[in-house]
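J.: Here it is, the structure, as structure tokens.
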Amino acid sequence: MQKEEVIIVGGGPCGLSAAIALEAKGYKPLVIEKGNIVNAIFNYPTHQTFFSSSEKLEIGDVPFITENRKPVRNQALAYYREVAKRKELRINAFEKVTSIDRNGKGTFIVETTKKKYEANYIVIATGYYDHPNYMNIIGEELEKVSHYFKEAHPYFNKDVVVIGGKNSSIDAALELAKVGARVTVLYRGSEYSQSIKPWILPEFEAHVRNDSIKMVFEANVKKITDESVIYSVEESEKQIKNDFVFAMTGYHPDHNFLKKVGVLTEESTGRPVYNQETMETNIKGIFIAGVIAAGNNANEIFIENGRFHGQLIADSLRQNN
């Protein structure tokens with residue numbers, strides 16, 4: 001069994017940042033990532049522009065320099081690849097952690113799809129992007145329904161419904177409209193979300209005024225069929241012809257994985273129980289880093305503040321050893 005001092009589960013920006021902080025304290029952590037590094041960013045829409053400026057996405061004191069103040073997806077992928085290469089991080093990619101258990105020696109047994117490890121400390125930095133918030137309505141399981149938007153081209157000249165009214169929904173609707181899809185956005189809110197990127201909203205509103213995007217507020221989706229989407233506004237039921245649905249309803253941490261590990265979570269918020277000064281959970285030796293610490297509120301922790309969690313963890317380990 002391979003023995004490690006620290007294993008980091010998750011190779012996103014916050015997991016990589018934690019690895020760099022730990023290395024600076026003399027540790028040699030192993031990052032285990034089910035895809036390749038920053039896999040969630042890889043799965044972002046092809047033309048995604050970040051809300052944060054490039055400097056707020058920096059990790060490991062490696063400058064992230066871009067021509068525009070706010071980087072796009074491909075620039076971020078290139079940057080984090082360069083950081084991993086420059087810092088010579090130990091990363092086992094395309095290996096998924098399936099279980100973490102205590103053994104009788106006070107250490108942890110980490111089992112993956114490839115092998116077993118023994119580790120003194122664990123950092124869970126798994127994010128939330130792999131786990132959509134489902135609406136639990138009839139038809140959500142249909143092949144035409146997706147909780148992820150990647151590319152607009154396949155939907156040219158198709159009737160597309162986008163469910164949701166925050167950034168991911170607005171971005172998807174704009175991309176779809178640009179390629180000639182007939183787009184309807186169904187949002188249960190009564191007005192535009194305050195979280196929408198301020199430089200995007202005017203463009204979106206222009207499309208709505210020009211009828212290239214239909215925006216429906218206070219819309220509650222009831223059912224999806226092969227040919228239509230059924231929703232209600234107030235007490236009036238409506239039906240719209242439909243070819244594809246993008247349900248951009250948000251994401252949440254892997255609560256089941258945390259529960260299996262033994263990390264307690266607050267039932268109402270999904271927030272793991274942890275010490276905010278050290279990032280250590282209720283299980284001694286298991287820490288969390290990144291957006292997973294926010295529970296179900298994905299708007300609370302981003303790369304720009306989650307990247308500092310690794311330093312708290314590294315400081316705590318060094319003080320106690």
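The values are calculated or read from the model by the stated rules, or taken from the named source; none is laboratory data. Note that the structure is predicted; figures quoted are calculated from it, not measured. Please note: Cβ atoms are built from the backbone with ideal geometry, for glycine as well, and neighbour counts cover all protein chains shown. Please note that ligands, DNA and RNA were not included when accessible areas were found on the heavy atoms of the full protein model with its side chains. Shrake-Rupley method; radii C 1.70, N 1.55, O 1.52, S 1.80 Å.
J.: When you go through (1) open to solvent by 30 Å² or more (accessible area, probe 1.4 Å); (2) closer than 17 Å to L16 by Cα; (3) modelled with pLDDT under 95 one by one for K34, which number turns out not to apply?
T.: Single failed check for K34: (3).
J.: Identify, please: which residue in the range 37-60 is assigned to a helix (DSSP H, G or I) and open to solvent by less than 50 Å² (accessible area, probe 1.4 Å) and is, among those, nearest to L77 (Cα to Cα)?
T.: I41
J.: Pick from the range 111-131 the residues that are in a loop (DSSP other than H, G, I, E, B) and open to solvent by 20 Å² or more (accessible area, probe 1.4 Å): which of them is nearest to L312 (Cα to Cα)?
T.: T126
J.: Within the range 194-212, identify whether any single residue is in contact with a strand residue (DSSP E or B) (Cβ under 9 Å, 6 or more places away or on another chain) and in a strand (DSSP E or B), and answer yes or no.
T.: no
Residue-by-condition table, conditions (1) touching a Phe, Trp or Tyr at 6+ places or on another chain (Cβ under 7 Å); (2) within 19 Å of F287 (Cα to Cα):
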site: K96; (1), (2): no, yes
site: R102; (1), (2): yes, yes
site: T107; (1), (2): no, yes
site: T112; (1), (2): no, yes
site: A119; (1), (2): yes, yes
site: I122; (1), (2): yes, yes
site: G127; (1), (2): no, yes
site: D130; (1), (2): no, no
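J.: Further question: Scan the range 67-80 residue by residue and report those that are crowded, with 17+ Cβ neighbours inside 10 Å and part of a loop (DSSP other than H, G, I, E, B).
T.: Selection gives P71 alone.
J.: Any residue at all in the range 8-16 that is at pLDDT 95 or above, part of a loop (DSSP other than H, G, I, E, B) and on the phi > 0 side of the Ramachandran plot?
T.: yes
J.: To continue, here is another question. All but one of (1) in contact (Cβ under 8 Å) with a residue 60 or more places away in the chain; (2) closer than 23 Å to H47 by Cα; (3) not in a loop (DSSP other than H, G, I, E, B) hold for K223; state the number of the condition that does not hold.
T.: Failing condition for K223: (2).
J.: Are any residues in the range 132-162 outside any strand (DSSP E or B) and open to solvent by less than 60 Å² (accessible area, probe 1.4 Å), and if so, which ones?
T.: N133, M135, I137, G139, E140, L142, K144, H147, F149, A152, Y155
J.: Could you figure out which of (1) within 24 Å of the chain's Cα centre (by Cα); (2) assigned to a loop (DSSP other than H, G, I, E, B) isn't true of K284?
T.: (1)
J.: I need the full set of residues from the range 97-110 which are crowded, with 17+ Cβ neighbours inside 10 Å and either among the aliphatic types (A, V, I, L, M) or touching a Cys at 6+ places or on another chain (Cβ under 6 Å) (or both), in order please.
T.: V97, I100, V110, listed by residue number.
J.: Go through the range 209-235 and give me each residue that's of a type in the set (A, V, I, L, M, F, W, C), open to solvent by less than 40 Å² (accessible area, probe 1.4 Å) and within 28 Å of the chain's Cα centre (by Cα).
T.: Listed by number, the residues that qualify are I213, M215, V216, A219, V221, I224, V229.
J.: Going by what's in this entry, would G180 be described as surrounded by 15 or more Cβ atoms within 10 Å (Cβ to Cβ) and either under 30 Å from L22 (Cβ atoms) or at pLDDT 95 or above (or both)?
T.: In short, no.
J.: Given the criterion touching a residue at least 24 places away in the same chain (Cβ under 8 Å), among the acidic types (D, E) and more than 14 Å from V97 (Cβ to Cβ), identify the matching residue among E23, E33.
T.: Going through E23, E33 in turn, the sole match is E23.
J.: Another one. Could you check the range 295-313 and list, in sequence order, the residues that are touching a strand residue (DSSP E or B) at 6+ places or on another chain (Cβ under 9 Å), open to solvent by less than 10 Å² (accessible area, probe 1.4 Å) and not in a loop (DSSP other than H, G, I, E, B)?
T.: Correct list: G310, I313.
J.: Does the range 269-285 include one or more residues that are more than 19 Å from I163 (Cα to Cα), at pLDDT 95 or above and small (G, A, S)?
T.: Checking the range 269-285: at least one residue is more than 19 Å from I163 (Cα to Cα), at pLDDT 95 or above and small (G, A, S).
J.: If I filter the range 251-272 for residues that are open to solvent by 50 Å² or more (accessible area, probe 1.4 Å), small (G, A, S) and either in contact (Cβ under 8 Å) with a residue 40 or more places away in the chain or not in a strand (DSSP E or B) (or both), do I get at least one hit?
T.: Checked against the condition, which is being open to solvent by 50 Å² or more (accessible area, probe 1.4 Å), small (G, A, S) and either in contact (Cβ under 8 Å) with a residue 40 or more places away in the chain or not in a strand (DSSP E or B) (or both), the range 251-272 yields at least one hit.
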